[in-house]
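Here the structure is laid out as structure tokens; the discussion comes afterwards.
The values are calculated or read from the model by the stated rules, or taken from the named source; none is laboratory data. Please read all numbers here as calculations on a predicted model, not as lab measurements. Don't worry about glycine lacking a Cβ; one is built from the backbone with ideal geometry, like all the others, and counts go over all protein chains shown. Just the protein is used for accessible areas: all its heavy atoms, side chains included, with ligands, DNA and RNA removed. Shrake-Rupley method; radii C 1.70, N 1.55, O 1.52, S 1.80 Å.
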Amino acid sequence: MEIRWPANSKDATTRRLRDILASSVGLAIIWPLILLIAALVKLDSPGPPIFKQKRVGYRGRPFTLYKFRTMVVGAEGQQPEIADFRTHKFEPLKPPSRDPRVTTMGWLLRRLSLDELPQLLNVLRGEMSLVGPRPETLKVVDKFPPAYHLRHETKPGLTGLAQVNGQADITYHEKVMYDLEYVKRQSSSLDLAILLRTIRVVLRGKGR
């Protein structure tokens, strides 16, 4: 029997209204910054400033995620395939050294967590929320063990429990365990606590 942890409908409505308000106000305020970053990304390396990629969202529905491009064009093709997910899930999320595919501007954006700003559009459109598990690619999700799919019982988020509990300094398995814990405990009060901790993490400059 499939296990589901349904969200409280009142909380879900409250969070959606919060997402609409926060994303619309945020985009209205920071659009000059978005234009500036887009120009700097374009000047730093050839290619479009915005990176688009299919990710898996709520209940397994695919959507197009937006972010500032932080890697050289064609970097996706240089990503090694996951041959054995049982091994992959215990690997650290953070590579031992700087990824050579990451551009100079991309490194700075990741460090300051600014590369995710375009995802406010995903939040406004209802494909993402401010808080939730970070969305994965279709290739990775296809290799998920059954229990991992429970992380799709809520919308993916800009930040989440994994991001405020070590960010990249944890293994993939630990990240998913934080995701599942969030799905089980999700509430507006937990979201607020995660958002406040996210601000502290970003201000310390502990990006990816």
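Taking H as built 1.01 Å from N, whose amide H comes closer than 5 Å to the amide H of MET128, not counting residues under 5 places away?
VAL123
Starting from the amide H of GLU136, placed 1.01 Å from N in the peptide plane, find each other amide H under 5 Å away whose residue is 5 or more places distant or on another chain.
VAL56
How high is the FRET efficiency from LEU36 to LEU192, r the C-beta distance, R0 22 Å, rounded to 0.05?
0.15
Per-residue HN-Hα couplings for the range 180-185, Karplus 6.51 cos²θ - 1.76 cosθ + 1.60 at θ = phi - 60°, whole Hz, x for Gly and Pro?
Running phi through 6.51 cos²θ - 1.76 cosθ + 1.60 with θ = phi - 60° gives 5, 5, 5, 4, 6, 9 Hz.
Need one number: nm distance between label points at VAL202 and GLN53, each 7 Å from Cα along Cα→Cβ, rounded to one decimal.
A separation of 2.0 nm, rounded to one decimal place.
Rounded to the nearest 10 Å², what accessible area does PHE63 show when all protein chains are kept and the probe is 1.4 Å?
Here the accessible area works out near 10 Å².
Go through 147-155, 105-113, 23-31 and give me the packing order, highest mean Cβ count within 10 Å leading.
So the order, starting with the most tightly packed, is 147-155, 105-113, 23-31.
How large is ³J(HN,Hα) for each residue in the range 48-59, as worked out from phi by the Karplus curve 6.51 cos²θ - 1.76 cosθ + 1.60 (θ = phi - 60°), to whole Hz, x for Gly and Pro?
Per-residue couplings from phi come out as x, x, 9, 9, 10, 8, 6, 10, 9, x, 4, 6 Hz.
Calculate the spin-label point distance for HIS149 paired with HIS173, positioning each point 7 Å from the Cα along the beta-carbon direction, and give it in nanometres.
2.2 nm
Just to verify a number: FRET efficiency for THR104 and ASP142, C-beta to C-beta distance, R0 = 30 Å, to 0.05?
0.35
Obtain the nm distance between the two label points defined at SER24 and SER45 by a simple spin-label model: each point lies 7 Å from its Cα along the Cα-to-C-beta direction.
For SER24 paired with SER45, the spin-label model returns 3.6 nm.
With θ set to phi - 60°, apply the Karplus curve 6.51 cos²θ - 1.76 cosθ + 1.60 along the range 198-203 and write out the HN-Hα couplings as whole Hz, x wherever there is a Gly or Pro.
5, 4, 5, 5, 5, 5
What is the sum of charges, Lys and Arg at +1 and Asp and Glu at -1, for the other residues whose Cβ falls under 10 Å from the Cβ of PRO135?
Summing Lys/Arg as +1 and Asp/Glu as -1 gives +3.
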